[in-house]
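The values are calculated or read from the model by the stated rules, or taken from the named source; none is laboratory data. Remember, it's a predicted structure, so these values are computed and weren't measured experimentally. All Cβ positions, even for glycine, are placed from backbone atoms using ideal geometry, and neighbour counts span all protein chains on display. Calculation scope for accessible area: heavy atoms of the full protein, side chains included, ligands and nucleic acids excluded. Shrake-Rupley method; radii C 1.70, N 1.55, O 1.52, S 1.80 Å.
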Amino acid sequence: MAHKKPGLLKRIVVLALFCLLILSFAAWGIQDIFLNLGNNQTIAKVGEVEITQAEFANDFSRETNALSQQLGRALDAQEAQQLGLDNRVISRLVARALSQVQSDEMGLTVSREQQQKEIQKIDAFKNEAGIFDAARFQSTLYQAGLSEAAFLADLSNDIERQQLNNAITGAIPVPQKMAERLYSYQTEKRIVDYIEIPYSRFSQLSDPTDSELAAYYEEEKQNYLAPEYKSVSYIFLDPSKAAQNVVLTDDQIQEEFLAQKDSLSLPDRRKLVQMLLNDEAKANETYNKILNGADFDTVATEATGSAGVDLGTMERSDLLPELQDAVFNLENTGVVAPIKSPLGWHIVSVLEISPAREAQFEEVKEQIKKDAALRIATDEIISIANQLDDEIASGATLEEAANKLGQEILNYEAIDAEGLDRNGLPQFGLAEDARFRAIIAQTESGSDSLLTELENGGYFLLKVNSVTPPSPRPLEEVKAQLTSSWLENKRSEEAKAVADKLAEEAKNGTPLQAVTDESAELIKFGVEINRFSASIGEALAPALVRDIYKAEKGDILTGQADKGYLVVSLSTVEQPDLSSVTEEIESTKSSIENSYKNDIYTQYISALEKDFGVEINQTSINQVITPYGHSN
């Protein structure tokens, strides 16, 4: 239940207190408070502000599309959820709503002039000359899947959040010496010479004898364990399965239809193309050319350097307030006269008009049946889950509770932490769910788990009947892997022995270039590394890089790389000339300050969460990601 809003005086006190938190930087984050709000159109509630499924769906879709582009393949919603995109979107929406509630209470507003000023600063909207480019602005929003109205709404929220952030954190002084030392630490370079002794030089080693392999098995058998297996019984309350047994009458379906008719109906929509110009006179001149018969895209290219931007099919609310009446009052397709907004002068061409259309019962009947059946089944599942919890709490066994409530007990005779059976084959059903496997891992032999909710709105309760502890696999079963491991270790030992011998010679005064061995590769001189390198030349050796940064000039070191052992001589330590990198040091100072500010602001958002109250409706979120649930 949402908390009552605190008074303005209290909020000012909270602001003052947070200004004292400069030296406390533990990030609290947005807590997960999963409650059943009972309204499937709302995914979260912040104070009295509701975050809708549509808002979540839009942001989640944008995040998924952006990640898909980075990965070079399309992600589906379930994959995106497994990667945690849903939690990231929810946290951002909640933080945005918390800031909005706070800024509303404090009376913060953003003017059109402020919006325009901020838009002019955004680098993504600037041309090569560093000047705001209306065509680039439109193209950037189009590629991001953002309408101008949505962008300005987000921008206003960002400006208000920044105003709050500035009030909370203020200026945080960062000592010059701190910035200089951090910059020096990050940019210090080291120059090394090295010899590589590759493992491939010892590829002719013979396989181990039976006695050698047996002895090695005794040393290594704890690394070749069969996993722990558990015998598990469980009850699974699955809403998607239960929904298949829900029978709705035509009257019930009709009642559901009438309740949802408005949300299922389509509003008036227009297919639009737009050009955006900075100058009123040029906009009027361009508009007159179109009225005289010139092609819209041709004129747009002449005026802006690119064709008109296809806005797609939009509703009235998708447009800026300045454009809504002019565009949607057109009775026929055509071009709207130039209209000024904070973004510039808009010329909009209406290509198609799709009048508002009421939902027809027969067209949406099956969808309504599925939605209603799932909702009813979910309510029934919640009721059964509560009864099951009560039965177990009162001392009933899993079997007794199942019999009383008419539920089936399911079993896995042997399941490991990965959901595999004794033959290493995947088990199906709930074994595929990571949450289920995690609860098995946490539950001891002879014990019942707590009743646990799944992401699809279902519940389960399990009992671990017995545990087979991990045990070494027989030598014959792992002989091939064991032999390969023995040979790999032997090659590593041989390479290390050569490296140690050469290093000892170098430490005794022999120049590295004079140190020779038939197993060594040619020496490499003057190899530059930095503190964050993972490689030395072409050799992958992150641990050795760390050792080099602990060493002194002239030291000789040895270490393991991905393809052999290295003998390294540290020849030079290069410190940056701080007098020539003043801009870089100032940038480092700004980064430290921003990090401090972000930590304080995160704590402030956490305090707002506790103050106003945050409720998350996981079932509603799942309906967006998987509309009809899924069976495990």
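Scanning segment 423-441 for residues that are more than 13 Å from GLU228 (Cβ to Cβ), out of contact with any helix residue (DSSP H, G or I) (no Cβ under 6 Å at 6 or more places or on another chain) and not in a loop (DSSP other than H, G, I, E, B) gives PRO426, GLY429, ALA431, GLU432, ALA434, ARG435, ALA438, ILE439. Pairs linking a residue in segment 349-369 that is touching a residue at least 60 places away in the same chain (Cβ under 8 Å) and over 30 Å from ALA326 (Cα atoms) to a residue that is surrounded by 12 or more Cβ atoms within 10 Å (Cβ to Cβ) and of a type in the set (D, E, K, R), with Cβ atoms under 6 Å and 6 or more positions apart or on different chains, are ILE368/GLU256.
For first residues located in segment 85-107 and closer than 14 Å to ASP154 by Cα and touching a residue at least 40 places away in the same chain (Cβ under 8 Å), partners that are assigned to a helix (DSSP H, G or I) and polar (S, T, N, Q) and lie 6+ apart or on another chain with Cβ distances below 7 Å form the pairs ARG96/ASN157; SER99/ASN157; GLN100/ASN157.
Of all positions in segment 434-445, none carries a residue that is under 35 Å from the mean Cα position of the chain (by Cα), closer than 24 Å to ILE43 by Cβ and of a type in the set (Ser, Thr, Tyr).
Name the residue that is nearest to ILE159 (Cα to Cα), counting only residues in segment 116-130 that are assigned to a helix (DSSP H, G or I) and within 28 Å of the chain's Cα centre (by Cα). Ranking the qualifying residues of segment 116-130, first place goes to GLU118.
So which residues in segment 371-409 are buried (at least 17 other Cβ atoms within 10 Å of the Cβ), of a type in the set (D, E, K, R) and more than 30 Å from ASN465 (Cβ to Cβ)? Those that are buried (at least 17 other Cβ atoms within 10 Å of the Cβ), of a type in the set (D, E, K, R) and more than 30 Å from ASN465 (Cβ to Cβ): ASP371, ARG375. Being part of a helix (DSSP H, G or I) and within 20 Å of ASN127 (Cβ to Cβ) is the filter here, so list the residues in segment 298-324 that pass it. Result: VAL299, ALA300, THR301, GLU302, ALA303, THR304. Of the residues contained in segment 308-318, one or more are found to be of a type in the set (S, T, N, Q) and open to solvent by 50 Å² or more (accessible area, probe 1.4 Å). Within segment 163-187, restricting attention to residues that are open to solvent by 70 Å² or more (accessible area, probe 1.4 Å) and of a type in the set (S, T, N, Q), the residue that is farthest from GLU593 (Cα to Cα) is GLN186. Given the structure, is GLU160 surrounded by 13 or more Cβ atoms within 10 Å (Cβ to Cβ), in contact (Cβ under 8 Å) with a residue 40 or more places away in the chain and assigned to a helix (DSSP H, G or I)? So GLU160 passes the test. Annotation note: Cβ proximity below 9 Å between a residue of segment 419-440 that is in the same structural domain as LEU461 (by the TED database) and a residue that is open to solvent by 80 Å² or more (accessible area, probe 1.4 Å) and part of a helix (DSSP H, G or I) (sequence gap 6+ or interchain) occurs for GLY419/GLU432; PRO426/GLU432; ALA434/GLN82.
Under the condition of being among the aliphatic types (A, V, I, L, M) and farther than 14 Å from LYS463 by Cβ, the residues counted in segment 397-437 number 7. Within segment 131-149, the set of residues being closer than 16 Å to GLU55 by Cβ and over 22 Å from the mean Cα position of the chain (by Cα) comprises SER147, ALA149.
Considering segment 209-253, the residues that are among the β-branched types (Val, Ile, Thr) and out of contact with any Leu (no Cβ under 7 Å at 6 or more places or on another chain) include one that is most open to solvent (accessible area, probe 1.4 Å), namely VAL247.
Inclusion of ALA372 among residues that are in contact with an Asp or Glu (Cβ under 6 Å, 6 or more places away or on another chain), outside any strand (DSSP E or B), closer than 30 Å to ILE253 by Cα and in contact (Cβ under 8 Å) with a residue 12 or more places away in the chain is warranted. Residues that are assigned to a helix (DSSP H, G or I), free of Cβ contacts under 8 Å to residues at least 24 places away in the same chain and open to solvent by less than 80 Å² (accessible area, probe 1.4 Å) were ranked within segment 254-296; the one that is farthest from VAL327 (Cα to Cα) is ALA281.
Tell me yes or no: at least one residue of segment 88-106 is loosely packed, with under 13 Cβ neighbours inside 10 Å and among the charged types (D, E, K, R). Among the residues of segment 88-106, not one is loosely packed, with under 13 Cβ neighbours inside 10 Å and among the charged types (D, E, K, R), which makes the answer no.
For segment 569-589, the candidate set comprises residues that are more than 39 Å from the chain's Cα centre (by Cα) and among the polar types (S, T, N, Q); within that set, the residue that is nearest to GLU505 (Cα to Cα) is SER569. Taking segment 522-554 as the range and being charged (D, E, K, R), open to solvent by 60 Å² or more (accessible area, probe 1.4 Å) and within 22 Å of SER184 (Cβ to Cβ) as the test, the residues that pass are GLU528, ARG546, ASP547, LYS550, GLU552, LYS553.
Do we have THR301 as hydroxyl-bearing (Ser, Thr, Tyr), over 30 Å from LEU450 (Cβ atoms) and touching a Gly at 6+ places or on another chain (Cβ under 9 Å) here? Yes: the conditions hold for THR301. ARG270 meets all of the listed conditions (1) of a type in the set (D, E, K, R); (2) modelled with pLDDT of 90 or more; (3) under 30 Å from ILE376 (Cβ atoms); (4) not assigned by the TED database to the domain that holds ILE384 but one, namely (3).
Out of the residues in segment 410-422 meeting the condition of being open to solvent by less than 50 Å² (accessible area, probe 1.4 Å) and not in a strand (DSSP E or B), tell me which one is nearest to ILE384 (Cα to Cα). My answer is GLY419. Only residues that are within 26 Å of LEU430 (Cα to Cα), out of contact with any strand residue (DSSP E or B) (no Cβ under 8 Å at 6 or more places or on another chain) and hydrophobic (A, V, I, L, M, F, W, C): list them for segment 208-246, please. Scanning segment 208-246 gives ALA242, ALA243, VAL246. What's the number of the only condition in (1) in the same structural domain as GLU488 (by the TED database); (2) over 27 Å from ILE191 (Cβ atoms) that TYR601 fails to meet? Answer for TYR601: the failing condition is (1).
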